[in-house]
Amino acid sequence: MGRRENPIAPCDKALHALAQWLRDRREEAGLNYTQPARRTERVRWISLPQGESAKCSADTLLRAASGARGVPRRKAVLAYAAACGANLAEADRLWKQARYRQAQEAEPLKEKPKHITYVRDFADLHLAMVELYRTSGCRSCQELEDLSGQRLKHSTIWRVLNEQTGRPSRSFVVEFAQACGLRGIGLRDWAQAWDRAEERRTGDTSRNRRGPVFVSGRGAGNEVYLDRGRHPGGQEVWKLQTKAVPETVLEQRMEEIVLGHRVLSPADLAAARSIMNTQRTARALSRKRASGAAPKSQGEPQRRARAA
């Protein structure tokens with residue numbers, strides 16, 4: 001005999017949606033609570049610490065889909081979904097929504113956080129970090145430390161989130177965003193947000209001054225600049241510009257670059273190369289299309305003559 005299931009207890013709509021989704025997946029699989037509980041012994045997923053079991057009892061799974069005791073643990077939700085053959089990504093999404101609503105009801109934010117691309121100072125950045133922490137499921141500081149490979153310390157994470165310490169470092173902000181699940185261009189946005197906040201604090205805009213990336217040509221050649229600025233909304237923009245220079249000026253610029261007086265950071269150089277490669281590819285495609293169209297138009301009269 002399977003365990004009798006009571007109706008979902010009155011709760012927040014996000015938690016109710018999670019509980020209902022779990023129940024629906026179990027019914028679709030045709031299982032009672034004892035059967036998926038046995039299956040959880042063999043469940044594994046990538047984020048589960050090595051050597052840790054996802055085993056959950058039938059009572060734990062029953063409570064996870066009851067809505068009676070608040071948002072269940074992430075481990076129980078994912079074990080429930082995996083044992084029923086359900087989508088783990090969807091289970092994780094619903095769990096994060098429920099945790100977010102729970103945190104918002106317990107302690108609403110005083111101000112609405114800005115999108116990370118509109119962050120201007122460290123006050124904005126702190127609100128954005130708290131928002132990211134909540135949307136990623138309000139995981140424990142110890143779990144975030146583990147996800148960062150111990151590069152972040154749980155005590156430091158707690159102090160930063162609760163404003164019990166000074167300004168976080170740039171590397172801390174990037175590592176924190178990565179531990180919360182961001183990758184790729186999302187991490188770049190957080191690094192740029194820290195740069196804007198630091199510029200606002202110090203009034204130093206030297207990072208946005210124009211600097212030459214490299215020079216090319218013999219004699220009178222070209223000097224290529226990487227201009228970095230921002231739109232009114234705050235997003236950073238990159239643009240390459242070429243300026244013709246005489247031989248004497250060209251030699252002077254090359255000497256300055258060699259001596260290290262005009263060296264950009266590796267990130268600036270990587271961005272410049274990426275933009276140049278994109279422009280070079282676009283020009284190559286344009287030339288290919290142009291050269292491919294010409295022979296066709298020239299050979300058309302000849303084919304018509306042979307046909308006649």
Sparse-neighbourhood loop hits (trypsin sites (Lys or Arg not before Pro), the range 129-207; DSSP loop; Cβ within 10 Å at most 16 others) -> 151, 153, 183
Please give the FRET efficiency for residue 188 paired with residue 90, using the beta carbon to beta carbon distance and R0 = 25 Å, rounded to the nearest 0.05.
0.35
For each pair in 75/114; 75/96; 13/55; 55/96; 13/75, compute the distance between the two Cα atoms and list the pairs where it is over 24 Å.
75/114; 13/55
Accessible area of residue 11 in the full protein assembly, 1.4 Å probe (Å², nearest 10)
50 Å²
Report the accessible area of residue 185, computed with a 1.4 Å probe over the heavy atoms of all protein chains in place, in Å² rounded to the nearest 10.
110 Å²
Put +1 on the Cβ of every Lys and Arg and -1 on every Asp and Glu Cβ in the range 10-149; which of 56, 103, 148 then has its Cα farthest towards the positive end of the dipole?
56
Considering only protein heavy atoms, what is the solvent-accessible area of residue 118 at a probe of 1.4 Å, reported in Å² to the nearest 10?
110 Å²
Phi angles of the range 115-126, converted by Karplus (6.51 cos²θ - 1.76 cosθ + 1.60, θ = phi - 60°) into ³J(HN,Hα) in whole Hz with x for Gly and Pro, give 4, 4, 6, 10, 5, 10, 9, 6, 5, 4, 5, 5
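The values are calculated or read from the model by the stated rules, or taken from the named source; none is laboratory data. Please read these numbers as outputs of a predicted model, since none were measured by experiment. Here Cβ is always computed from backbone atoms with ideal geometry, including for glycine, and neighbour counts include all displayed protein chains. Ligands, DNA and RNA are excluded from the accessible area calculation, which covers all protein heavy atoms including side chains. Shrake-Rupley method; radii C 1.70, N 1.55, O 1.52, S 1.80 Å.
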